1. From A:65, A:138, grab the single residue that is touching a residue at least 40 places away in the same chain (Cβ under 8 Å), in contact with a Lys or Arg (Cβ under 8 Å, 6 or more places away or on another chain) and either more than 12 Å from every other protein chain (Cβ to nearest Cβ) or among the aromatic types (Phe, Trp, Tyr) (or both).
2. Taking the stated definitions as given, is residue A:24 in a helix (DSSP H, G or I), surrounded by 16 or more Cβ atoms within 10 Å (Cβ to Cβ), of a type in the set (A, V, I, L, M) and within 13 Å of the chain's Cα centre (by Cα)?
3. What is the number of the single condition among (1) within 15 Å of residue A:21 (Cβ to Cβ); (2) loosely packed, with under 15 Cβ neighbours inside 10 Å that residue A:143 does not meet?
4. Here is a list of conditions, (1) surrounded by 13 or more Cβ atoms within 10 Å (Cβ to Cβ); (2) assigned to a helix (DSSP H, G or I), and residue A:149 meets all of them except one; can you say which number that is?
5. Kindly indicate whether residue A:61 is among the hydrophobic types (A, V, I, L, M, F, W, C) and touching a Leu at 6+ places or on another chain (Cβ under 6 Å).
6. Got at least one residue in segment A:41-51 being within 12 Å of chain B (Cβ to nearest Cβ), out of contact with any Lys or Arg (no Cβ under 6 Å at 6 or more places or on another chain), surrounded by fewer than 18 Cβ atoms within 10 Å (Cβ to Cβ) and not in a helix (DSSP H, G or I)?
7. So residue A:97 clears everything in (1) over 23 Å from residue A:48 (Cα atoms); (2) at the interface with another protein chain (Cβ under 10 Å from one of its Cβ atoms) except one condition, right? Which one?
8. Among the residues of segment A:22-50, write down those that are free of Cβ contacts under 8 Å to residues at least 12 places away in the same chain and among the charged types (D, E, K, R).
Amino acid sequence: MDVINQLQRQFIDYSTSLHREGFVDDQFTQLQKLQDESSPDFVVEVASLFFEDCEKLINNMARALEQQQGVDFKQVDASVHQLKGSSSSIGAMRVKNVCIAFRSFCEAQNREGCSRCLQQVTHEYSLVKNKLQTLFRLEQQILAAGGSIPVVE
Amino acid sequence: MAVAGEVLPSGSQELHVLAVDDSHVDRKVIEKLLKISSCKVTAVESGTRALQFLGLDGGKGSLGFNSFKVNLIMTDYSMPGMTGYELLKKIKQSSAFREIPVVIMSSENVLTRIDRCLEEGAEEFLVKPVKLSDVKRLKDCIMRGEKEENGGRRVHKRKFEDDSHPPSSTPTSPSTPLASPSLTAAPFACDIATSELLSSPLHSSKRAKLRNSD
């Protein structure tokens, strides 16, 4: 039981830090609450879709911003808009917040600003991906030890 | 509103919802929200696919049988190709499907957008991310709405969407008795009794589906 308690403690602490540091917001908690016996991997699955989205959209943005003959800011904005939507739906708050700033730069047709945001969003994506994967690993460890995953509000 | 039998599955209490969203993440989430709320879900990625499913594209569609009847359509607003607004219009123009309630979902709470959708006949405009409480409320409303109409009081939804009521300047604090504590409360067409007494808050609280996002 000690092992389980320890793992659960770790999970709670880690989860709390993710919220505190703004990596995830309440929407993530809402998704965790939706997970049940009929869909025990729901959150992991949504996260996978989100990561796929990030890769695809970040690539789109990078390509569009690379265009020497003139950047199609509408195209960049369209990708940022989609990424903002995805990140909002999974509760990846820091990614979402960069997207909000990113859209302003798109609107202003500011290439420099857009490039900076692209860097930032790429960075935030890799951070949150690592964090979530660590969280999911902790969950697996708890389950493997026979424990249940605590609900962290 | 058409006779309830056309809208609700006969003999079955399970609502069949057609969800339309180009985002894979959002489709997965809305599907889960609906399944948890005991709804049958068909999730498609575009307005075109939605029309195909309904059989509005000229083909026969998948609705050959009563059991596949769609009771509610929830569609994202911004989609490539056909927007949710265009899909809404097509559905409302169709004699076969115009009675199906259509809910628009959007990550952006633009007042003109909301108004346009409501004027075109959308039941509600939900700001994303959609919550479980939104889905539960929708479901309750549709089920209740059917009972109300059987009871005799039938009101066409469009009646509440005229412009005789000035837009609310503080859309974020609905105060109808039927408003739930959350800011995203909005009366549905089935809230007829109270909404007829408070026509202005009804109009404004449809707009009150605003949350300060960006």
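1. A:65
2. Values: in a helix (DSSP H, G or I): no; surrounded by 16 or more Cβ atoms within 10 Å (Cβ to Cβ): yes; of a type in the set (A, V, I, L, M): yes; within 13 Å of the chain's Cα centre (by Cα): yes.
It is false that residue A:24 is in a helix (DSSP H, G or I), surrounded by 16 or more Cβ atoms within 10 Å (Cβ to Cβ), of a type in the set (A, V, I, L, M) and within 13 Å of the chain's Cα centre (by Cα).
3. So the condition that residue A:143 fails would be (1).
4. (2)
5. Details: among the hydrophobic types (A, V, I, L, M, F, W, C): yes; touching a Leu at 6+ places or on another chain (Cβ under 6 Å): yes.
Criteria met by residue A:61.
6. Checked segment A:41-51: at least one residue is within 12 Å of chain B (Cβ to nearest Cβ), out of contact with any Lys or Arg (no Cβ under 6 Å at 6 or more places or on another chain), surrounded by fewer than 18 Cβ atoms within 10 Å (Cβ to Cβ) and not in a helix (DSSP H, G or I).
7. The single condition residue A:97 does not satisfy is (1).
8. A:36, A:37, A:41, A:45
The values are calculated or read from the model by the stated rules, or taken from the named source; none is laboratory data. Just so we're clear, the structure is a prediction, and the values are computed from it rather than from any experiment. Heads up, the Cβs are rebuilt from the backbone with ideal geometry, glycines too, and the neighbour counts pull from every protein chain shown.
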